[in-house]
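Input: a single structure, listed below in structure tokens.
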Ligand code: E4P
């Protein structure tokens, strides 16, 4: 499993990188807008925290192939190191993925709602496809079924494209796609925290300390 952090908030990125085994950060225009400061400064600050070798996924905003390609160049010219250009799977996006691939860009096809979109993006050259699990669930679909279909199709067609499940709103969604053996997930800090929290774990840790203290009169193993 490749864990990626879904935020552009520097404090969250610092906290999450410190604790969790993260391989990268994903952003999109909505996530960037929340920070309400200069776009390139945000990207530079993120790279400053995660390092050149760690993946940063940055999304284009244009809805034309020409515009997407122009924005991809602008982003690449301003970001050092590991970079994935996120391109939505609209028709112009698929066209742009083909072109960007030829130019040597690494690409994450995004806003994936159906397995058909994911397959098309993969054949066009996407390195990752990002199905939006919660947005699919919210239209009475099944995000986990879409992820399953994508994984099956990539195996059937022997495609190397990785599935980066995205748009999570609860830990059950994370557990469901993890059971499928999904390649990677992108999750905000709050959900990463929730995914490992359990009161019985906390109680067990307290009990270990209390038992130890009764015998050794200290809460340290090294005295
Ligand atoms: C990440 O790559 C996606 O853009 C993000 O997970 C979408 O999440 P949302 O549906 O919560 O906006």
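I'd like to know if segment 195-210 contains one or more residues that are closer than 21 Å to residue 9 by Cβ, more than 16 Å from the ligand (Cβ to nearest atom) and not in a loop (DSSP other than H, G, I, E, B). Give the derivation first.
Pass one, segment 195-210, residues closer than 21 Å to residue 9 by Cβ: 195-197.
Retained after the next criterion (residues that are more than 16 Å from the ligand (Cβ to nearest atom)): 196-197.
Filter again for not in a loop (DSSP other than H, G, I, E, B), leaving 196.
Looking for residues that are closer than 21 Å to residue 9 by Cβ, more than 16 Å from the ligand (Cβ to nearest atom) and not in a loop (DSSP other than H, G, I, E, B), one finds at least one in segment 195-210, hence yes.
Check residue 117 against each of (1) closer than 24 Å to residue 12 by Cβ; (2) within 16 Å of the ligand (Cβ to nearest atom); (3) out of contact with any strand residue (DSSP E or B) (no Cβ under 6 Å at 6 or more places or on another chain) and name the one condition it does not meet. Unmet condition: (1). Residues that are touching a helix residue (DSSP H, G or I) at 6+ places or on another chain (Cβ under 7 Å) and exposed (fewer than 15 other Cβ atoms within 10 Å of the Cβ) were ranked within segment 11-47; the one that is farthest from residue 169 (Cα to Cα) is 40. If you filter segment 159-178 down to residues that are part of a loop (DSSP other than H, G, I, E, B) and touching a strand residue (DSSP E or B) at 6+ places or on another chain (Cβ under 7 Å), you find that the one that is farthest from residue 122 (Cα to Cα) is 168. Among the residues making up segment 104-114, those that are without any contact (Cβ under 8 Å) to a residue 60 or more places away in the chain and within 14 Å of the ligand (Cβ to nearest atom) are 107, 109, 111, 112, 113.
Within segment 60-81, identify whether any single residue is closer than 27 Å to residue 175 by Cβ, within 14 Å of the ligand (Cβ to nearest atom) and under 18 Å from the mean Cα position of the chain (by Cα), and answer yes or no. No, the conditions are met nowhere in segment 60-81. Reported count of residues in segment 97-118, each being more than 18 Å from residue 4 (Cα to Cα) and surrounded by fewer than 20 Cβ atoms within 10 Å (Cβ to Cβ), is 9.
For beta carbons closer than 9 Å, sequence separation of 6+ or different chains, a first residue in segment 151-176 that is more than 14 Å from the ligand (Cβ to nearest atom) and a second that is part of a strand (DSSP E or B), the qualifying pairs are 151/163; 154/129; 154/162; 154/163; 161/109; 161/128; 161/129. Going residue by residue through segment 11-26, is there one that turns out to be assigned to a loop (DSSP other than H, G, I, E, B), more than 22 Å from residue 109 (Cα to Cα), more than 16 Å from the ligand (Cβ to nearest atom) and at pLDDT 95 or above? Among the residues of segment 11-26, at least one is assigned to a loop (DSSP other than H, G, I, E, B), more than 22 Å from residue 109 (Cα to Cα), more than 16 Å from the ligand (Cβ to nearest atom) and at pLDDT 95 or above, which makes the answer yes.
For segment 151-158, state whether one or more residues are touching a strand residue (DSSP E or B) at 6+ places or on another chain (Cβ under 9 Å), surrounded by 18 or more Cβ atoms within 10 Å (Cβ to Cβ) and farther than 23 Å from residue 7 by Cα. It would help to see each step written out before you state the result.
Quick first cut of segment 151-158, residues touching a strand residue (DSSP E or B) at 6+ places or on another chain (Cβ under 9 Å) only: 151, 154.
If we keep only those that are surrounded by 18 or more Cβ atoms within 10 Å (Cβ to Cβ) as well, we get 151, 154.
Now drop any that are not farther than 23 Å from residue 7 by Cα, which leaves 151, 154.
Yes; the residues of segment 151-158 include at least one that is touching a strand residue (DSSP E or B) at 6+ places or on another chain (Cβ under 9 Å), surrounded by 18 or more Cβ atoms within 10 Å (Cβ to Cβ) and farther than 23 Å from residue 7 by Cα.
The values are calculated or read from the model by the stated rules, or taken from the named source; none is laboratory data. All values derive from a computational prediction rather than experimental measurement. Note that we place each Cβ from the backbone using ideal geometry, even for glycine, and neighbour counts take in every protein chain shown.
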